[in-house]
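As structure tokens, the structure follows; a few thoughts come after it.
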Amino acid sequence: MTLPTRFDWYKLQQFCSEVFINAGVSTKEAAIVSESLIQADLRGVESHGVVRTAIYLKRIEKNMIDPKARVTIEAEDDAIVLVNGNNNFGSVVGSKALDIALHKAKEKGAAIVGVKGSNHFGTGAFYALKAIEKNMILMVMSNASQTMPPTGGVRPFIGTNPLAIGVPAGNEIPYILDMATSVVARGKIIVAAQKGNDIPLGWAIDKEGNPTTDAEAALEGSVLPVGGPKGYAISMFIDILSGVLTGAGFGKYVNNMYENWEEPQNVGHFFVAIDINRFMPIEFFKQRMDLYIREIKAEPKANGVEEIFIPGEIEYHRVNERKTNGIKLPLAVAEELAQIGKRYNIDLEQAAFIENVNQGLKEAHN
């Protein structure tokens, strides 16, 4: 029987959750990790989706992630909190930090939560969406292991340190910016290498500092900052806030999860939450956001442009499409998940997408 490559998003999320539970992760935290992975695949950020399942499991097995660790508060003031993830999953640590930030912001009007002792925490949009559900504005940053050179340099020194911002709207789609400070997330180059595909010129340089379209050579070299020195400067600032300020790793002290099997990653994050109601009633704010968004989308379009999109809008539509039509995985990723399933006695094929079957259940999931 041919292995399926298109999967029902909810069943695939359940598959991942069961895998993590069988690997020793609590039911609650396995649900968080699997939701984070599926959310990435639904939004089209495949580099942060279920393709990460294998490396997460390997780091558990090698004691590089501690799924039993308790996330703790190390310092707390009126609206500022320092959280220690104690080497649990990044998405678990990030979710705890987000909860604290939203609670504090509701009490104080705004809150800042710094995080140390964490791991790769998935996409920033995962947290932005949850803040939007609570009618909050959220800015979240994270540092990462060395993959990008400083402007003028050749070898990696800083990470592709991401920045995400979420802002609620009323009847319009909310504003969600979720970007790496590199031209492209390194995970996309990893996916290209897995598929045997070339990458566009301008994404990366090889280890000698030469521009390359070879994904494997790019992985041995460096990805490039978005906007040249501007992206480098923003990435450095994110590293300062997420790493230097919190006590987490920074620069070369953020360990690579694919290469370092001696020490935890010690990734740092930085959350800033704002209670909109402290500025104006939330419904009035949403009306203003709707007006703003509609006026942007009504702007004159350049030749060949059919629609002007706001940040996060394309991903919003992609989520709906993939919830309806399933998530398509590369065969190599499906095969890897199938092997993982066999190890834990869970059948991946049970998560296969079947056209026009259980449509009512799918709608309920939506």
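The values are calculated or read from the model by the stated rules, or taken from the named source; none is laboratory data. It should be emphasised that the depicted structure is a prediction, and the values quoted were computed from it without experimental measurement. Note that each Cβ is placed from the backbone with ideal geometry, even for glycine, and that neighbours are counted across all protein chains shown. Heads up: the accessible areas ignore ligands, DNA and RNA and are worked out on the full protein's heavy atoms, side chains in. Shrake-Rupley method; radii C 1.70, N 1.55, O 1.52, S 1.80 Å.
In table form, for the structure just shown:
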{"quantity": "Residue that is out of contact with any Lys or Arg (no Cβ under 8 Å at 6 or more places or on another chain), closer than 29 Å to Asn88 by Cα and outside any loop (DSSP other than H, G, I, E, B), where the choices are Phe285, Phe271", "calculated": "Phe271"}
{"quantity": "Any hit, the stretch 119-134, residues being under 17 Å from the mean Cα position of the chain (by Cα), open to solvent by less than 10 Å² (accessible area, probe 1.4 Å) and polar (S, T, N, Q)", "calculated": "yes"}
{"quantity": "Residue that is farthest from Lys188 (Cα to Cα), among those in the stretch 99-110 that are surrounded by fewer than 24 Cβ atoms within 10 Å (Cβ to Cβ) and not acidic (Asp, Glu)", "calculated": "Lys108"}
{"quantity": "Residue that is surrounded by the most Cβ atoms within 10 Å (Cβ to Cβ) [pool: residues in the stretch 337-366 that are modelled with pLDDT under 95 and charged (D, E, K, R)]", "calculated": "Lys362"}
{"quantity": "Cβ-Cβ under 6 Å pairs, at least 6 apart or on other chains, the stretch 174-195 side under 19 Å from Gly228 (Cβ atoms) and assigned to a loop (DSSP other than H, G, I, E, B), far side of a type in the set (Gly, Ala, Ser) and open to solvent by less than 10 Å² (accessible area, probe 1.4 Å)", "calculated": "Thr181/Gly231; Thr181/Ser235; Ala185/Ser47"}
{"quantity": "Considering residues of the stretch 199-238 that are in a loop (DSSP other than H, G, I, E, B) and of a type in the set (Asp, Glu) only, the residue farthest from the chain's Cα centre (by Cα)", "calculated": "Glu208"}
{"quantity": "Residue in the stretch 48-93 that is nearest to the chain's Cα centre (by Cα), counting only those that are among the polar types (S, T, N, Q), outside any strand (DSSP E or B) and surrounded by fewer than 20 Cβ atoms within 10 Å (Cβ to Cβ)", "calculated": "Asn86"}
{"quantity": "Members of the stretch 127-150 that are touching a His at 6+ places or on another chain (Cβ under 9 Å), hydrophobic (A, V, I, L, M, F, W, C) and not in a loop (DSSP other than H, G, I, E, B)", "calculated": "Val140, Met141"}
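Let's see how each residue does on (1) surrounded by fewer than 12 Cβ atoms within 10 Å (Cβ to Cβ); (2) among the small types (Gly, Ala, Ser); (3) more than 25 Å from the chain's Cα centre (by Cα); (4) farther than 30 Å from Glu107 by Cα:
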| residue | (1), (2), (3), (4) |
| --- | --- |
| Trp261 | no, no, no, yes |
| Gly268 | no, yes, no, no |
| Lys286 | no, no, yes, no |
| Tyr292 | no, no, yes, no |
| Ala302 | yes, yes, yes, yes |
| Glu307 | yes, no, yes, yes |
| Glu315 | no, no, no, yes |
